[in-house]
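Heads up, the thing below is written out as C-alpha cells.
Since every read-out is calculated from the coordinates, none of them should be taken as a lab result. Everything numeric in this text was worked out from a predicted model, so none of it was measured. For neighbour counting, all protein chains shown are included, and Cβ atoms are generated from backbone atoms with ideal geometry for every residue, glycine included.
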Amino acid sequence: MRAILVIIGLAAVVLVALMALGLVRVEQTSTGSLPTIALSGGKAPTFKADVGKVNVGTTDKTVQVPTVAMTNATVRVPTVNVEKADNSAAPAK
C-alpha cells in the first residue's frame, strides 16, 4: 500500500514539474455540470492538453581524448532540443 502511495506521489511531483517547466499545459475546453437532485445525468468536463517535444540526436564535436599524448579527435556527442508547449493560446471559456 505504501509503495502505491509513493508512486502516486512521485507521479504528481513529476507532473507539477513538467507543468512548471512549460512542457505540459492542460486547459479546460468545456465546463462540467453537477447532476440533478434526482441523481440522473450530469456531464464530465473535457480537457485539451498541449505537451512539448524533446528531440534527442547527435552532433560532431572536436574534444580532447586522453591517450599517451593529448590529441584532438572528432566524436559524436548527444544533443537534446526541448520545445515548450504553446502558451500563446487563450484559455477556453
Degrees separating the helix 2-20 axis from the principal Cα axis of the chain, which is the longest one:
80
What is the set of long-range amide H partners of Ser30 at a cut-off below 5 Å, with H atoms built 1.01 Å from backbone N?
Thr46
Enumerate the calculated ³J(HN,Hα) couplings along region 69-81 in order (Karplus 6.51 cos²θ - 1.76 cosθ + 1.60, θ = phi - 60°), each rounded to whole Hz, writing x wherever the residue is Gly or Pro.
10, 6, 9, 9, 9, 8, 10, 8, 10, x, 10, 9, 10
Calculated FRET efficiency, Lys48 and Met1, Cβ-Cβ r, R0 41 Å, to nearest 0.05?
0.75
Which label in [x] 14.8; [y] 18.3; [z] 13.8 gives the computed Kirkwood radius over Cα pairs in Å:
[y]
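Which of Met70, Met1 comes first, and how do the rest follow, when ranked by fewest Cβ neighbours within 10 Å?
Taking fewest neighbouring Cβ atoms as first place, the list is Met1, Met70.
I need the calculated FRET efficiency for the pair Gln28 and Thr58, taking r as the beta carbon distance and R₀ as 41 Å, to the nearest 0.05.
On the way: r = 40 Å, r/R0 = 0.97.
That pair, Gln28 with Thr58, gives E of 0.55.
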What list of ³J(HN,Hα) couplings, whole Hz, do you get for region 22-33 from phi and the Karplus terms 6.51, -1.76, 1.60, once you set θ to phi - 60° and write x for glycine and proline?
x, 8, 9, 10, 10, 10, 7, 9, 8, 7, x, 9
